[in-house]
Amino acid sequence: MKPNLLQTPITYLKGVGPNRAQVLQAELGIETYNDLLHHFPNRYIDKTRYYKINELERNSAELQLTGRIVHIKTVEQKKGKRLVARFVDETGEMELVWFRGHKWIKEQLKLNVPYVIFGRTQWFNGVFSMPHPDMELLSDHEKGLRIKMQPIYPSTEKLGNKGITNKVLSQLLQQLFIETKGAFAETLTPTLLEDLKLIPRKEALLNIHFPRDQNKLARAQFRLKFEELFFIQVQLISKNLLRKKKIKGFPFQHVGKKFNTFYKEYLPFQLTGAQQKVIKEIRADLGSNAQMNRLLQGDVGSGKTIVALMSMLLALDNGYQSCLMAPTEILANQHFNSLKELLGEMDVSIALLTGSVRKSNRKEIHEALEDGSLHILVGTHAVLEHKVQFNNLGLAIIDEQHRFGVAQRSKLWHKNEIPPHILVMTATPIPRTLAMSLYGDLDISVIDELPPGRKPVKTVHRYDSNRLKVFRFLKEEIKKGRQVYVVYPLIKESQALDYKDLMDGYESMVRDFPLPEYQISIVHGKMKSDDKDYEMNRFVKGETQIMVATTVIEVGVNVPNATVMIIESAERFGLSQLHQLRGRVGRGGEQSYCILMTGQKLSSEAKTRLETMTRTNDGFEIAEVDLKLRGPGDLMGTQQSGLLNLKIADIVKDNDILKTARFYAMRVLQEDPDLILEKNHPLRITYLELIRNKNIWNYIS
Ligand code: ADP
Ligand code: MG
């Protein structure tokens, strides 16, 4: 086969032509032979097995049986006639049913002759039936040559309408195998094939499209899944190695005065073991010659802020500036305030830069950044603006990073000639599997321990009909001097209605919690930033006891005196969001509560979410459930699902294959980081091709 034959435009494949090519491109993104070859079936109809009637199960399934028709009758019913045949084998009987074409079918059917039938079984009124079965005389069936495992390809309505049916796709693939002679080059090394007992690539591709039996199919799937995950890992790992080798970092070699003074005199509490461990990891990175690129995962309230601050002090001790970027103004404000408080009287200059900072102020900040007199800049994405130039940026910290795009991350890289060290902090626990594939190019630190004295939040589920009881409970808590959040969903698609719910809820709270005894704040996205801050601050200062809000308070907000989180219409929130919201309480020493309010009607998925929330406080466990419920694309938001655009592997289900792939990718690259050894030649070819096609999401610059 010519090496570039697979790059041939699909229009040249016999049976395609310009019209079909256009449809294939528009609907399935298939442009070349290679794209078609990698358009894999998503399921198969197994015709290798012949079922017996007594093996049928009540859930409907597509099956093949052998047996005889012993009786045919026409049944009159309200909506027209139906034809019913009694079908038997040696184990039992069932019905075959036709709603159309009676006359013709009745003439065709032969009594007491063995047939092979295929179709979807149903269980209805105590009888198994199969509507409109495919039928073939057993004698013909035995003579015929057929595909026993029929592949079913992912399709779209348009494809079907334009005549590109499943059968046509299958025929086109057959044609592709004929034209290419199925001689596809091997991409893995003999060692890998042998160690993992993988079938050759060409055999795998043949069997994925035209499997001989279940066993062959399983081996083809394993081989192709492994290959897909393996090359993703190769890319991620080599990117990491490359960065460590090629991209010099600023070595922060000494731990100096600022860090030590802070540690000895200003640290308001003892660090947890997990915090110490993470700071050590960061120090090791910063002290080496390579640029740090680290993801810091820590559940809400685990104490990431202090880790951020101490890292920034290290930068300062070595003569570098740092910046901390947060996704919202409220959060940037809060970071700024807590850092200032932590720093106390220390001689460290710190400033806040957000969209609402005045122009004159902004100018001062710009100047201080450029002449180096400003040490730490906290802000929103306003810090990314071109006008913001640092004298010597050495460390950039990004909080809640999944809200920022890749492009933004890369802008930070270019704020200095040598890119600054990067620390990405996230409170969204990412299951290890996902972290491995999404952030395989980052090093990962985890704070897996909460500061001492925290009482786990008690979470309950209550129906709307119990609202009065819930309100009584709120009043008791408020009497004890505590504060309460009441959160409403705000979904883009139903925004107007959601705002109405929020305002209705607010008004009913005002009625039930009247002035002057109770003060209520409200914060939502339609308010002006000044007003939002004003309301937020009243709550932070304890002037109001109740904060009614949409999810704007979801991330980062820290009011340790708030002990109750009420989530309205909790069934409408995703798991990770519920967990984030719950993290707003339980931040002080008092027992805290999270109350999930819902109506009576709940989907089974919603029930699982509520049950998970009431069962556990463990963010990683919740993330695993969330991943299973929603799949990885949703979990990370569309921005990052690009990488997860896998053709055959499934990050959740193929977790074990992923681990294996990572292990072997690591092993290969440790021995041969640039894949230049002769024996790794096939890997190198594939790797280069993947990079050329930008197959993988390019996270870094
Ligand atoms: P998050 O990881 O959610 O950003 P924060 O850094 O905001 O958490 O910390 C949550 C709260 O816990 C803050 O009030 C902080 O002062 C406190 N805290 C952090 N670390 C410790 C510790 N080691 N001991 C006691 N309290 C701590
Ligand atoms: Mg935080």
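The values are calculated or read from the model by the stated rules, or taken from the named source; none is laboratory data. Everything numeric here is computed off the predicted structure, so don't read it as measured data. Note: ideal-geometry Cβ built from the backbone for every residue, glycine included; neighbour counts use all protein chains shown. Just so you know, the surface numbers come from the protein's heavy atoms only, side chains and all, with ligands and any DNA or RNA stripped out. Shrake-Rupley method; radii C 1.70, N 1.55, O 1.52, S 1.80 Å.
Check whether at least one residue in the stretch 6-14 is part of a helix (DSSP H, G or I) and of a type in the set (A, V, I, L, M), and report yes or no.
Checked the stretch 6-14: at least one residue is part of a helix (DSSP H, G or I) and of a type in the set (A, V, I, L, M).
For the stretch 451-474, how many residues meet the condition of being within 16 Å of ligand 1 (Cβ to nearest atom) and under 19 Å from residue 612 (Cα atoms)? Outline the logic, then answer.
Going residue by residue through the stretch 451-474, those that are within 16 Å of ligand 1 (Cβ to nearest atom) are 451-457.
Cutting the leftovers down to under 19 Å from residue 612 (Cα atoms) gives us 455-457.
The number of residues fulfilling the criteria is 3.
Could you figure out which of (1) in contact with a Gly (Cβ under 9 Å, 6 or more places away or on another chain); (2) of a type in the set (Gly, Ala, Ser); (3) within 16 Å of ligand 1 (Cβ to nearest atom) isn't true of residue 623?
Result: residue 623 fails condition (1) only.
Any idea which of (1) at pLDDT 85 or above; (2) open to solvent by 10 Å² or more (accessible area, probe 1.4 Å); (3) away from ligand 1 (no atom under 16 Å from the Cβ) is the one residue 292 doesn't satisfy?
Residue 292 satisfies all of (1) at pLDDT 85 or above; (2) open to solvent by 10 Å² or more (accessible area, probe 1.4 Å); (3) away from ligand 1 (no atom under 16 Å from the Cβ) except (2).
Can you name the residue in the stretch 297-315 that is within 13 Å of ligand 1 (Cβ to nearest atom), open to solvent by less than 10 Å² (accessible area, probe 1.4 Å) and not polar (S, T, N, Q) and, of all such residues, is nearest to residue 253 (Cα to Cα)?
So, considering only residues that are within 13 Å of ligand 1 (Cβ to nearest atom), open to solvent by less than 10 Å² (accessible area, probe 1.4 Å) and not polar (S, T, N, Q), the one nearest to residue 253 (Cα to Cα) is 310.
Can you say whether residue 506 is among the aromatic types (Phe, Trp, Tyr) and open to solvent by 30 Å² or more (accessible area, probe 1.4 Å), as far as the supplied structure shows? Before you say what the answer is, go through the steps one by one.
On the way: among the aromatic types (Phe, Trp, Tyr): yes; open to solvent by 30 Å² or more (accessible area, probe 1.4 Å): yes.
When the stated conditions are applied, residue 506 passes them.
Looking at 474, 497 in this structure, which one is touching a residue at least 24 places away in the same chain (Cβ under 8 Å) and either closer than 26 Å to residue 574 by Cβ or part of a helix (DSSP H, G or I) (or both)?
Going through 474, 497 in turn, the sole match is 474.
How many residues does the stretch 585-629 hold that are hydroxyl-bearing (Ser, Thr, Tyr), in contact with a strand residue (DSSP E or B) (Cβ under 6 Å, 6 or more places away or on another chain) and outside any loop (DSSP other than H, G, I, E, B)? Full working, then the answer.
The first filter runs over the stretch 585-629 and keeps only residues hydroxyl-bearing (Ser, Thr, Tyr), leaving 592-593, 598, 603-604, 608, 612, 614, 616.
This time we only want the ones that are in contact with a strand residue (DSSP E or B) (Cβ under 6 Å, 6 or more places away or on another chain), so: 592-593, 614.
Narrowing further to those that are outside any loop (DSSP other than H, G, I, E, B): 593, 614.
Qualifying residue count for the region: 2.
If I filter the stretch 428-448 down to residues being of a type in the set (A, V, I, L, M) and modelled with pLDDT of 80 or more, which single residue comes out as surrounded by the fewest Cβ atoms within 10 Å (Cβ to Cβ)?
At the first step, the residues of the stretch 428-448 found to be of a type in the set (A, V, I, L, M) are 430, 434-436, 438, 442, 444, 446-447.
Now drop any that are not modelled with pLDDT of 80 or more, which leaves 444, 446-447.
Values: 444: 16, 446: 20, 447: 23.
Among them, the one singled out is 444.
Please tell me if residue 177 is assigned to a helix (DSSP H, G or I) and within 25 Å of residue 43 (Cβ to Cβ).
Working: assigned to a helix (DSSP H, G or I): yes; within 25 Å of residue 43 (Cβ to Cβ): yes.
For residue 177, the condition - assigned to a helix (DSSP H, G or I) and within 25 Å of residue 43 (Cβ to Cβ) - is met.
From the residues in the stretch 541-587 that are modelled with pLDDT under 90, of a type in the set (S, T, N, Q) and within 14 Å of ligand 1 (Cβ to nearest atom), which one is nearest to residue 605 (Cα to Cα)?
The selected residue is 580.
Does the stretch 77-105 hold any residues that are polar (S, T, N, Q) and closer than 15 Å to residue 52 by Cα, and which are they? Step through it out loud before you land on a result.
Initially, the stretch 77-105 is screened for residues polar (S, T, N, Q), giving 77, 91.
Hit for the stretch 77-105 is 91, nothing else.
Within the stretch 242-263, is even one residue within 16 Å of ligand 1 (Cβ to nearest atom) and out of contact with any helix residue (DSSP H, G or I) (no Cβ under 7 Å at 6 or more places or on another chain)?
yes
Listed residues 122, 150, 108; which is in contact with a Lys or Arg (Cβ under 7 Å, 6 or more places away or on another chain) and open to solvent by 60 Å² or more (accessible area, probe 1.4 Å)? Let's see the steps before the verdict.
On the way: 122 fails: in contact with a Lys or Arg (Cβ under 7 Å, 6 or more places away or on another chain); 108 fails: in contact with a Lys or Arg (Cβ under 7 Å, 6 or more places away or on another chain).
Just one listed residue meets the conditions, 150.
Restricting the search to the stretch 109-154, which residues are among the polar types (S, T, N, Q) and in contact (Cβ under 8 Å) with a residue 24 or more places away in the chain?
Step one: of the stretch 109-154, the residues among the polar types (S, T, N, Q) are 112, 121-122, 125, 129, 139, 150.
Of everything in the stretch 109-154, those that are among the polar types (S, T, N, Q) and in contact (Cβ under 8 Å) with a residue 24 or more places away in the chain turn out to be 112, 121, 122, 129, 139, 150.
Here is a list of conditions, (1) at positive phi; (2) modelled with pLDDT of 95 or more, and residue 460 meets all of them except one; can you say which number that is?
(1)
Here is a list: 562, 549, 606. Which entry is aliphatic (A, V, I, L, M) and within 16 Å of ligand 2 (Cβ to nearest atom)?
On the way: 549 fails: within 16 Å of ligand 2 (Cβ to nearest atom); 606 fails: within 16 Å of ligand 2 (Cβ to nearest atom).
Only one candidate qualifies: 562.
Would a scan of the stretch 76-94 turn up a residue that is of a type in the set (A, V, I, L, M, F, W, C), surrounded by fewer than 17 Cβ atoms within 10 Å (Cβ to Cβ) and in contact with a helix residue (DSSP H, G or I) (Cβ under 9 Å, 6 or more places away or on another chain)?
Yes, the conditions are met somewhere in the stretch 76-94.
Let's see how each residue does on (1) farther than 19 Å from residue 416 by Cβ; (2) within 12 Å of ligand 2 (Cβ to nearest atom); (3) at pLDDT 90 or above; (4) of a type in the set (A, V, I, L, M):
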site: 248; (1), (2), (3), (4): no, no, no, no
site: 254; (1), (2), (3), (4): yes, no, no, no
site: 274; (1), (2), (3), (4): yes, no, yes, yes
site: 315; (1), (2), (3), (4): no, no, yes, yes
site: 325; (1), (2), (3), (4): no, no, yes, yes
site: 342; (1), (2), (3), (4): yes, no, yes, yes
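Spot the failing condition for residue 258; the list is (1) in contact with an Asp or Glu (Cβ under 6 Å, 6 or more places away or on another chain); (2) under 23 Å from residue 393 (Cβ atoms); (3) within 16 Å of ligand 2 (Cβ to nearest atom), and only one is missed.
With respect to (1) in contact with an Asp or Glu (Cβ under 6 Å, 6 or more places away or on another chain); (2) under 23 Å from residue 393 (Cβ atoms); (3) within 16 Å of ligand 2 (Cβ to nearest atom), residue 258 is out only on (3).
Quick one: residue 528 ticks every box in (1) free of Cβ contacts under 8 Å to residues at least 12 places away in the same chain; (2) open to solvent by less than 60 Å² (accessible area, probe 1.4 Å) except a single one, so which number is it?
(2)
What tally of residues in the stretch 257-287 results from selecting those that are surrounded by fewer than 15 Cβ atoms within 10 Å (Cβ to Cβ) and among the small types (Gly, Ala, Ser)?
Count: 2.
Answer yes or no: is there a residue in the stretch 379-386 that is within 24 Å of residue 419 (Cα to Cα) and within 16 Å of ligand 2 (Cβ to nearest atom). If you could, list the steps in order and put the result at the bottom.
Going residue by residue through the stretch 379-386, those that are within 24 Å of residue 419 (Cα to Cα) are 379-386.
If we keep only those that are within 16 Å of ligand 2 (Cβ to nearest atom) too, we end up with 379-380.
For the stretch 379-386, residues within 24 Å of residue 419 (Cα to Cα) and within 16 Å of ligand 2 (Cβ to nearest atom): present.
Looking only at the stretch 537-549, decide whether some residue is of a type in the set (Ser, Thr, Tyr) and open to solvent by less than 20 Å² (accessible area, probe 1.4 Å).
Residues of the stretch 537-549 of a type in the set (Ser, Thr, Tyr): 544.
Within this subset, residues satisfying the condition of being open to solvent by less than 20 Å² (accessible area, probe 1.4 Å) are 544.
Yes, there is a match, as at least one residue in the stretch 537-549 is of a type in the set (Ser, Thr, Tyr) and open to solvent by less than 20 Å² (accessible area, probe 1.4 Å).
Could you tell me how many of the residues in the stretch 153-184 are open to solvent by 70 Å² or more (accessible area, probe 1.4 Å) and either at pLDDT 90 or above or in contact with a strand residue (DSSP E or B) (Cβ under 8 Å, 6 or more places away or on another chain) (or both)?
Looking only at that region, the number is 4.
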